[in-house]
Amino acid sequence: MNEQEHRRLRTAFLPTRDPATYEPDPPPDVPFTLPELRRVYSQSHSSTAEKWVAYTDGSVVHQDGLAMGSFAGMFTQGPDTRMEFRGRVVEQPMSSTRMEIMAILVVIAITPSATPLEVHTDSQAAAHMMLRVAAPTIPRELANSPDAFLWLHLRGWLQSRQAPVSAMWIRGHSGVAGNVRADELARSAHSDSSVTRWTTRTPPPPDTPFWPKYDDRAIPRRLRRLFREQDEAITSSQLIKQVNAVPHRPRQSPKEVEHILHILRWTVLPNGQTAKKKCWNITNIRDSNIRAFGLKQLMGFLPTLARQEAWYPNVYDRPELIRCAKCSQPGETQEHLYECADHLAVKESFQARFCTIESSRDKTCRQADMRMLRPWNSMGWLQGRIHPRWALMIPSLQHDRLMTVGTPTAIQRLLRSSLETWYHTIWLPRCQRTISQEKSQGLHQGAKLRRMRVTQHRRPDAPASPAPNLPLFFLESSKERMDEYHRLMLRLMHGAL
Ligand SMILES: [Zn+2]
């Protein structure tokens, strides 16, 4: 680990509790640990059975937009007196698999160490992982699981037992008495305030030197993934600032900028199709080109000749160099680029791209006439917003297809095809024409770059470039990073992610 990574780690995990913005409720919940489980659930059962058999179940319900979990189980063989248990969890994030694991953990905790245990669960995910959890080395599948924290505890408990534990999957709701009862118990626990509430405010699993925590709770994320999400959040909050710093433009809400970022994240496949990606990794040169282009266009920073003249007066010092290479009109702006384009080719390109993005399965993509809407034209000034006229068009785009899509998806597809049309059909041909115009005027690439540099050296007092430079705090971890980390964690741990 080098110095930079060290600093990054340190600052990413600085204490983030800020009493002014976030006051956690006093934690009434019981830490989900072996001693506490035994204290709550096992009241010294006498047993003569050679093997204990248990049925477990987990349940998740949604209330006021938040997921609430409960788990339960019962022993059909083992304790001499009938033994059932229930538990609740109100922490986010929540999943039914997590509830299932917790139920299995309870069963393991209260079964005597020297007695073999057989657990029946109707969760395939949990049963599957139970087969792997005892492997001599920790399987990747387990380490990558969102419930790794619990699985590693479970693994430790299994290793400290004398007798084995086996898990079996049974089909849910198939009438097996133990399963039916466990299901009833779990569902009844949600609304029963006498049922113990558990929390993952617990120590890290055994043989784990540390575990990322927030507010004393285990963060259910892999470190690398957490870093990636944090970096994305910081990038997008910086982008919101930069987009809104452009003068004479409508302000963009974080949600709107998120839509823009989403369409930029899509990738162009070698066969020309556009596919959605899950992450920001740049996988090919087309990705980085279209992203750079998209951002410049959305923010109005395309290096048009009008801009080049303003920024590099030393280079573009003759009227022959700053006129549109196609129609010779002086002062080539972003708006002029569209006006000057070959409209028929633009329209055809847009429709073809829209149909390609629409769906690879949909062979009947009708050539909707989008000339009136001209989305490729308004991409820049809309900054990723939807034009009122586009909005009218969207229902017909949704219903014309075999597959119906949501409005945000339809908008994103329109924006994406518009972006690609701008790039391929308007911008690239323009670049070629401009380069040959410059060459014919004796301005070659090498000479151009030299003169651009000279300009910068000789004019230290030149007005600041209108392009916002990346702020220092973006490169150096600081308060912004901490704030973003705090926000990310709040969303993650309180159910919004
Ligand atoms: Zn022109």
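Quick look at the values:
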quantity: Selection from region 144-179 of residues that are farther than 14 Å from Ile101 by Cβ, in a helix (DSSP H, G or I) and at pLDDT 90 or above; calculated: Gln159
quantity: Residue list for region 269-302, restricted to those being surrounded by fewer than 14 Cβ atoms within 10 Å (Cβ to Cβ) and within 16 Å of the ligand (Cβ to nearest atom); calculated: none
quantity: Any chance Thr208 is in the same structural domain as Met99 (by TED's automatic domain parsing), surrounded by 16 or more Cβ atoms within 10 Å (Cβ to Cβ), touching a helix residue (DSSP H, G or I) at 6+ places or on another chain (Cβ under 9 Å) and touching a residue at least 24 places away in the same chain (Cβ under 8 Å); calculated: no
quantity: Subset tally (residues that are out of contact with any helix residue (DSSP H, G or I) (no Cβ under 7 Å at 6 or more places or on another chain) and either of a type in the set (D, E, K, R) or part of a strand (DSSP E or B) (or both)) for region 222-242; calculated: 7
quantity: Test: residue in region 123-130 that is within 27 Å of the chain's Cα centre (by Cα), under 24 Å from Val40 (Cβ atoms) and assigned by TED's automatic domain parsing to the domain that holds Glu36; calculated: yes
quantity: Test: residue in region 280-294 that is out of contact with any Phe, Trp or Tyr (no Cβ under 8 Å at 6 or more places or on another chain) and among the acidic types (Asp, Glu); calculated: yes
quantity: Residues satisfying the stated conditions in region 217-244, i.e. closer than 22 Å to Glu258 by Cα and over 16 Å from the mean Cα position of the chain (by Cα); calculated: Gln238, Leu239, Ile240, Lys241, Gln242, Val243, Asn244
quantity: Condition check for Ser436: surrounded by fewer than 12 Cβ atoms within 10 Å (Cβ to Cβ), assigned to a helix (DSSP H, G or I), among the small types (Gly, Ala, Ser) and modelled with pLDDT of 70 or more; calculated: yes
quantity: Scope region 276-315; condition of a type in the set (A, V, I, L, M) and assigned to a helix (DSSP H, G or I); matching residues; calculated: Ile285, Ile290, Ala292, Leu295, Leu298, Met299, Leu305, Ala306, Ala310
quantity: Within region 30-126, strands (runs of 3 or more DSSP E) holding 2 or more residues that are more than 19 Å from Ala167 (Cβ to Cβ); calculated: 52-63, 66-77, 83-89
quantity: Cβ pairs under 6 Å, 6+ apart, first in region 311-326 and in contact (Cβ under 8 Å) with a residue 40 or more places away in the chain, second outside any loop (DSSP other than H, G, I, E, B) and more than 16 Å from the ligand (Cβ to nearest atom); calculated: Tyr312/Met452; Tyr312/Thr455; Asn314/Arg451; Asn314/Thr455; Val315/Lys448; Val315/Arg451; Val315/Met452
quantity: Residue in region 16-29 that is at pLDDT below 90 and surrounded by 17 or more Cβ atoms within 10 Å (Cβ to Cβ) present; calculated: yes
quantity: Test for Arg307: is it within 16 Å of the ligand (Cβ to nearest atom), among the basic types (Lys, Arg) and at pLDDT below 85; calculated: yes
quantity: Candidate set from region 310-332 (those that are of a type outside the set (Ser, Thr, Tyr) and more than 17 Å from Arg430 (Cα to Cα)); member that is nearest to the ligand (Cβ to nearest atom); calculated: Pro319
quantity: Test for Ser349: is it more than 14 Å from the ligand (Cβ to nearest atom), of a type in the set (Ser, Thr, Tyr) and either at pLDDT 85 or above or surrounded by fewer than 14 Cβ atoms within 10 Å (Cβ to Cβ) (or both); calculated: yes
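The values are calculated or read from the model by the stated rules, or taken from the named source; none is laboratory data. Owing to the predicted nature of the structure, the values given are computational and were not obtained by experimental measurement. So basically every Cβ, Gly included, is an ideal-geometry build from the backbone, and we count neighbours across all protein chains shown.
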